[in-house]
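The values are calculated or read from the model by the stated rules, or taken from the named source; none is laboratory data. Just so it is clear, the structure is predicted and the values come from calculations on it, not from any experiment. Positions of Cβ are backbone-derived with ideal geometry, glycine not excepted, and every protein chain shown enters the neighbour counts.
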Amino acid sequence: MESLVIIQEEKAITTSLKIVEVFGKRHHHVLQDIRNLIEQTSDIEDAPKFGEMFYRDTYDLENQAYAMERDGFTLLAMD
């Protein structure tokens with residue numbers, strides 16, 4: 001099984017791409033769920049943060065993804 005956690009700048013994070021790998025979901029569905037959570041929690045000061053990132057696919061096109069810490073992942077998993 002693939003590891004869900006990545007250590008980045010001494011923090012344990014995961015990404016929308018890792019979620020796709022581990023759970024077999026479609027990336028556009030995961031992105032939509034994250035966007036919905038961002039919208040729902042935008043007024044909450046201590047809401048989990050989702051960091052936007054970009055990656056290049058097999059066609060060398062730039063695509064959006066998100067990175068998140070534990071609280072963001074937990075919120076996404078419970079949604």
Out of segment 2-39, which residues are hydroxyl-bearing (Ser, Thr, Tyr) and either in a loop (DSSP other than H, G, I, E, B) or exposed (fewer than 11 other Cβ atoms within 10 Å of the Cβ) (or both)? SER3
It is to be established whether one or more residues within segment 32-47 are of a type in the set (Lys, Arg) and under 21 Å from ILE6 (Cα atoms). no
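Any idea how many residues of segment 34-56 are farther than 11 Å from GLY72 by Cβ, under 14 Å from the mean Cα position of the chain (by Cα) and not aromatic (Phe, Trp, Tyr)?
4
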Exactly one of ASP60, ASP43 is in a loop (DSSP other than H, G, I, E, B), among the acidic types (Asp, Glu), surrounded by fewer than 13 Cβ atoms within 10 Å (Cβ to Cβ) and modelled with pLDDT of 95 or more, and that residue is ASP60
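Among the listed residues MET68, MET78, MET53, identify the single one that is of a type in the set (A, V, I, L, M), within 23 Å of LYS11 (Cα to Cα) and touching a helix residue (DSSP H, G or I) at 6+ places or on another chain (Cβ under 8 Å).
Values: MET78 fails: touching a helix residue (DSSP H, G or I) at 6+ places or on another chain (Cβ under 8 Å); MET53 fails: touching a helix residue (DSSP H, G or I) at 6+ places or on another chain (Cβ under 8 Å).
Being of a type in the set (A, V, I, L, M), within 23 Å of LYS11 (Cα to Cα) and touching a helix residue (DSSP H, G or I) at 6+ places or on another chain (Cβ under 8 Å) holds for just one of MET68, MET78, MET53, which is MET68.
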Can you tell me which residue within segment 46-57, out of those that are part of a strand (DSSP E or B) and charged (D, E, K, R), is farthest from GLN32 (Cα to Cα)? ARG56
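Residue-wise test of (1) among the hydrophobic types (A, V, I, L, M, F, W, C); (2) modelled with pLDDT under 95.
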{"position": "ILE6", "(1), (2)": "yes, yes"}
{"position": "GLU10", "(1), (2)": "no, yes"}
{"position": "GLU21", "(1), (2)": "no, yes"}
{"position": "ARG26", "(1), (2)": "no, no"}
{"position": "GLU52", "(1), (2)": "no, yes"}
{"position": "ARG70", "(1), (2)": "no, yes"}
{"position": "THR74", "(1), (2)": "no, yes"}
Please go through segment 63-79 and give me each residue that is in contact with a Pro (Cβ under 8 Å, 6 or more places away or on another chain) and either farther than 16 Å from LEU17 by Cβ or loosely packed, with under 10 Cβ neighbours inside 10 Å (or both), ordered by number. ASP71, THR74, LEU75
